[in-house]
Structures are given as structure tokens and as C-alpha cells.
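Taking it in order: structure first as C-alpha cells, then the write-up.
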Amino acid sequence: MFRRLETASPVETVTVTVGGKPVTLPRGETAAAALVAAGEATGRTTPITGAPRGPYCMMGVCFDCLVMIDGAPNRQACMTEIRDGMRIERQVGARRIGG
Amino acid sequence: MSANWDLAVIGAGPAGMSAAMAATRLGLKVGLLDEQPRPGGQIYRNPAQPTPEVLEALGEDYAHGMELIEKFRAADIDYRPGATVWDVMAGGEIAFLRDGRSAEVQARHVLLATGAIERPVPVPGWTLPGVMTVGAAQILLKTGGYVPDQPAVLVGGGPLLYLVAWQYLKAGAQIGAILETVPRSNLWSALPHASGMLSQGRLLAKGRRWLRDLRSARVRRIRGVTDVRIEGEGAAEAVTFQKGGRRQTIQTPLVLLHEGVIPNTHISLALGLEHGWNDIQQWWQPRLDDWGRADKPGFSVAGDGAGIWGAEAAEHLGLLAAHGAAMALGKDGLDQAGVAEARGALKSVAGARAFLDRLYRPARSQRVPAADDTIVCRCEEVTAGQVRQAARMGALGLTQAKAYTRCGMGPCQGRLCAPTVSALIAETRGLDDAEVPAYRPRPPFKPVTLGALAAPAFRAKAG
Ligand SMILES: Cc1cc2nc3c(=O)[nH]c(=O)nc-3n(C[C@H](O)[C@@H](O)[C@H](O)COP(=O)(O)OP(=O)(O)OC[C@H]3O[C@@H](n4cnc5c(N)ncnc54)[C@H](O)[C@@H]3O)c2cc1C
Ligand code: FES
């Protein structure tokens, strides 16, 4: 859906995996940006009907970007900065948040 | 980690940064909590590694923000980035999450500068992957230089929509079409306020430049669009709409929605500050005095969280709120010249706002879904029909609608569905929007795990 504007200036990068696939992107970006960079529109399926969802607001309001990060569920991808080696995976179905 | 501040500011956008700097100059001990990793707020969302190519696409307003951020960083402020506030108590205790742990601070006065959120656009298909808000797409542009790789379709209205279209143009990205949903009759209610807009020369010139550039690039603008639907199996594939009595379809995997922004009142409503309904902006805003102070002593609000005034006004409102807090705390030595300048600037912004708000007031059909099967609450997948049913069964507001439908019980706590649910209840019960009580969020404002809670005092609340 998106491409990154090319730049002539040097950029420090970080490598994460999205659904097991390595993706390299600039340090300081979020896990939601990593989904986008990986060409992945869907980050989770809903607990009730199993419908696919992806990042909608990118600013922490909608909670539609919930994914699994390093095995932990319910992480808000748009509010989570990437780290080297971070594992971002699709979250499937029902999960209690908080608690 | 625990700290004692004279003034705690929540939010590092133009309002919060300006307030914190002014309060420091007035001799207050100031701390600022912001959820983002870097200062700037929504408008000046500050990338970790800005590239010249992205800065060029964003335009000159952004450069002003970078200067403001530099001054903010140099000031003597206890700035805590990456701090998500999850509770604010009446006595000025604030609980926040940072690096997965909860911590608390204590302040004599609290200033909410939490900005705006985009209004929900509950059209059929808005939950499909590949549908986001225009603001979300702009965040991807600001923070990572992402632009659509295929012609995207922008749907809705308002200054931010045209700004982002223009930024895409500058970045060399293609736009499939702009579908304009704002009723054309809005012009008639806006026109009497045109002089206010005309007095804001810079703002006017900016808007005209965006529209002129879009025109000369032959970007397709389709006006008077109604009944927008997004279609696709598992992801957006097309947007269809009604125009001039005919149904039309545009194929696209990326649909960007925008119907303006509304104040982010989550914390101010939770605190029970008094709010009033703004019928032109179509949302609640806290009732404040001339210095940004709320009805409850010890609390103030500044910036877009106090009503949509825009980024320039946010800086002025921040300065005034800092003075209001300083006076409440018994400080003297106010910056009279600065206050007078801020008041003068705000007056002329108000004139332009009166025009813009009326011109871009969203169509009712973009706010209140006609079809009963349209999802209203994204978290709990509650439809417009279920909310209408709850209203018929006696729900007077979101709080009761929750009991019937679970809407507002998901992790977003009603941030995103409350405007739609209220409007549906008003419609079903034959009330004015202002007669449906605002929702009342409860802490924790963001999900907090028990593991994050170091202080036992908070445990009971988060449970
Ligand atoms: C997505 C989006 C994009 C926008 N882009 C533009 C633009 O390009 N140009 C323009 O003129 N206007 C833009 N606006 C309008 C914008 O709101 C400005 O008018 C301006 O940013 C308002 O400034 P502010 O200081 O009031 O709030 P903001 O700049 O929104 O800052 C509020 C800050 O509060 C923080 N915050 C909120 N809740 C919490 C919490 N619970 N805990 C901790 N921190 C919290 C947020 O992280 C944010 O940094 C945009 C609005 C949105 C929603
Ligand atoms: S995309 Fe909305 S919360 Fe992350």
C-alpha cells in the first residue's frame, strides 16, 4: 500500500521480523510502520467475528493495531517503537486486554 | 521516580510545549508527560531521523515546529517522553506508564494539553484493512516518509485532507481521487463569516495554494459525494459512492477517511470537568475561563483539547494557561505583553475558525450511519442497528448503551465510538445532540497490566 520516499541522507536502521519475514527500516519507527513496510495490511483478527483489522488511526486511539510482539499479545503496534530483533506477529482472535 | 511539581502538563504538542516554557519563565517548577517518544504533538510529530526529502514534502509550517521543539528542549522542564497517563486524580496525583512500569507524580496544578483526535467516519467497510484516517497516513509520512504506492482515494473534507493531498503531491505520490462529502450548502452558513477568514491572510494564502496546486496537477476532485461505502474481501478493494443520482466505483486498495478533528476530551470528561456542546464542531469541550482554567480548581485545559482552534492558537492558549495556573498558585510578575499578544492573535484566529468550521461541518450521513448493519464500535463490533435498538429500549447515553450492547467496553473505552453512539441515540429518541450526556471514561485510560503496577495504592483501581 505504501512505499518509502527515497533519501540521499544516511539512515540508521533496525531489523525486525513481521510474521517471520525480516524487514529492515529506520530506527525510531513503530511496529505499525513495520507492518506497512512489510506490505501487511492486517495486524489482527477480531475476537468476536474473526474479521481482519489493521492500523486505522496510528495515534493510539482505536486499538485496531493490536499485534503480538515478542510473544506478548495486545501490543499497540502504532505506539511501540521497534528494536533490533523484535518479532511482530499477527494476533488471532480473543484475548483479554489489561489484567 | 516520584516527583513534586508546581505544574504538570500532559501533552507535548504546541499547547503543552508553549505552556511549559511560559510557566518556567514565570518561576514554576514544571514537569511534562507525553506518550510519544519525542516532543511535537500531532502536528509536529517529530521523526527520530528526519530526512530532507520528508521535510521538503511537509512544508514550512513544520519547520516552525522544529524551532519550537528546539526551544522546548533547551528549557528547564522535567520532560518525560514515552509516558502514557492512565489516571489523574482530583488531588493532582498523576499515574503514568513508562517502559512497561507505572509511576506517579504529584502536581499542585494540572494542565491537560492532549490535543485532538480525528472524528470517526463510520461508513460501511470502514473497518477493512487498507482503510485508515488521513491523519494516520500523514503520521506515516511524517515519521517514516511513507506515501501510497498506488493511487489512494481520500474521502471527506476539512483542511487536513487538502493539506495531506498537497503533501502527497509534493512528494510525487499519486492520488486516485478526492471524494468530497461536505454538503455544498455549508457555503451559505460559512459566508457571513468570510471576513474573519479574509483577515487571516497567511492561512488563506496557504489554503489557496494547496487547492491551486491540486488543480494544476489535475487531481480528480469529485464534489457532492454521498452514501460512501468501502468494499472488499478481507481488505479494501474499491470505494463506491452516489453522485448526481448515479452510483460510481473507484478501485483502490487504500482509502483515507477524514471528517475533521474533535477535542480529545478523554481525561477532561473522566475528571468530571464541566463541558459544553459545540454544535458547529459537533463535540463537547470543557468550559474554561479566560485563562484556560476549568470549573474544578487545580485543573486547566489548553490547545485543541479545549476546542478545535488549530496549532497556531494552541501555542497562545498554552501561554495563557500557564499564566492562569501561575495566578492560581499565587505567583505574580506576569508577562503582560505576551498575554496581550496572545489574546490579539487568538481573536483573529477565532474569526477564521468560525468560517472554516461552518464550511467543513461534516454531512450528517458521514457521522451517523443510515444502514443498520454498519459497525459503530470497532472494538466490540457493535452495529448502528444494535445501538438504535438499545436507544429504543431506554439507553439515554453511552453508559447505558454499554449495558445493552457492549459498545464502549473495548480497549478504546469509547474514544472512537462515543460521537457516533451519542448521535444515534439522539436520532432515535428525537433529541438534540446536546441532550445526550457525554460519556464518562474511567481510569485506567489505557490498559495497565498488574505487573506494571509498582505502587500498591494503584492496584485496586487498575484491577
Ligand atoms: C493525526 C492528526 C494530524 C494532524 N496534523 C496537522 C497538521 O499537519 N497541520 C495542522 O495544522 N494541524 C494538524 N492537526 C491538528 C492538530 O491537532 C493541531 O491543531 C495541533 O497539533 C494541536 O496542538 P495541541 O498541542 O493542542 O495537541 P497535540 O499536538 O495533539 O498534542 C497532544 C499530545 O498529547 C499527548 N497525549 C494525549 N493523551 C495522552 C496521555 N493519556 N498521556 C500522555 N500523553 C498524551 C499526545 O501524545 C500528543 O503528543 C492534526 C491532528 C491530528 C489528530
Ligand atoms: S492504529 Fe489506532 S491505536 Fe494503533
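Taking the 1.4 Å solvent-accessible surface of chain A as the whole, the part contributed by carbon and sulfur is 50%. For B:LYS446, a cut-off of 20 angstrom between C-alpha atoms picks up these aspartates and glutamates, skipping any fewer than 8 places away in its own chain: A:ASP64, A:GLU81, B:ASP34, B:GLU35, B:ASP87, B:GLU93, B:ASP99, B:GLU104, B:GLU118, B:GLU380, B:GLU381.
Remark: chain B carries 38 Å² of accessible area per residue (probe radius 1.4 Å; ligands, DNA and RNA excluded).
Step by step: find N for the protein assembly as shown, compute 2.2 N^0.38 Å, then divide the Cα radius of gyration by it. What's the final number? Can you show the working numbers first?
Values: Rg = 22.3 Å, N = 562, 2.2 N^0.38 = 24.4 Å.
Rg over 2.2 N^0.38 Å, computed on Cα atoms: 0.92.
With R₀ set to 51 Å, the beta-carbon distance separating B:ALA205 from B:LEU450 gives a calculated FRET efficiency near 0.40. Among the trypsin sites (Lys or Arg not before Pro) within segment A:52-90, those in coil by DSSP and having at most 14 neighbouring Cβ atoms inside 10 Å are A:ARG83. Label separation (B:THR428 vs B:ARG247): 2.7 nm, computed from points 7 Å beyond Cα along the C-beta direction. Considering only protein heavy atoms and a 1.4 Å probe, what is the carbon-and-sulfur percentage of the accessible area of chain B? C and S fraction of accessible area: 51 percent.
Which value results when the Cα radius of gyration for chain A is divided by 2.2 N^0.38 Å? Numbers along the way, then the final one.
Values: Rg = 13.4 Å, N = 99, 2.2 N^0.38 = 12.6 Å.
Normalised Rg, Cα atoms only: 1.06.
Where both partners of a DSSP beta bridge lie in the protein assembly as shown, what percent of those bridges are antiparallel, to the nearest 5? So the antiparallel bridges amount to about 55 percent of the total. Across segment B:1-127, what fraction of all alpha-carbon pairs, as a whole percent, falls in each successive 5 Å bin from zero upward? Calculated P(r), rounded to whole percents: 2, 10, 20, 20, 17, 13, 9, 6, 2, 1, 0. The interface between chain A and chain B buries about 4100 Å² of solvent-accessible area in total (1.4 Å probe, ligands and nucleic acids excluded).
The mean number of partner chain beta-carbon atoms within 10 angstrom of a residue's beta-carbon across peptide B:371-379 is 2.
The mean number of Cβ atoms from other chains found within 10 Å of a Cβ in peptide B:124-132 is 6, as a whole number. When only alpha carbons of segment B:310-463 are considered, Rg and Dmax amount to 21.1, 59 Å.
If R0 is 25 Å, what FRET efficiency do you get for B:LEU191 and B:ARG212 from their C-beta distance, rounded to 0.05?
Values: r = 21 Å, r/R0 = 0.84.
Plugging the Cβ-Cβ distance into 1/(1 + (r/R0)^6) gives 0.75.
Given the DSSP H assignment, sum -39500 (n - 2.57) over each helix run of at least 4 residues in the protein assembly as shown and divide by its residue total; what's the result at 222 nm in deg cm²/dmol, nearest 500? My calculation for the protein assembly as shown gives -9000 deg cm²/dmol from helical runs alone. For the peptides B:207-215, B:100-108, the ranking by packing is B:100-108, B:207-215, with the highest mean count of neighbouring Cβ atoms within 10 Å listed first. The lysines within cross-link reach of B:LYS206, meaning a Cα-to-Cα straight distance under 25 Å and a gap of 8 or more places when in the same chain, are B:LYS142, B:LYS170, B:LYS347.
The values are calculated or read from the model by the stated rules, or taken from the named source; none is laboratory data. As the structure is a computational prediction, the values presented were derived from the model and not from experiment. Glycine also receives a Cβ, built like all others from the backbone with ideal geometry; neighbour counts cover every protein chain displayed. For the accessible areas, the whole protein counts, side chains as well, though only heavy atoms, and no ligand, DNA or RNA atoms are used. Shrake-Rupley method; radii C 1.70, N 1.55, O 1.52, S 1.80 Å.
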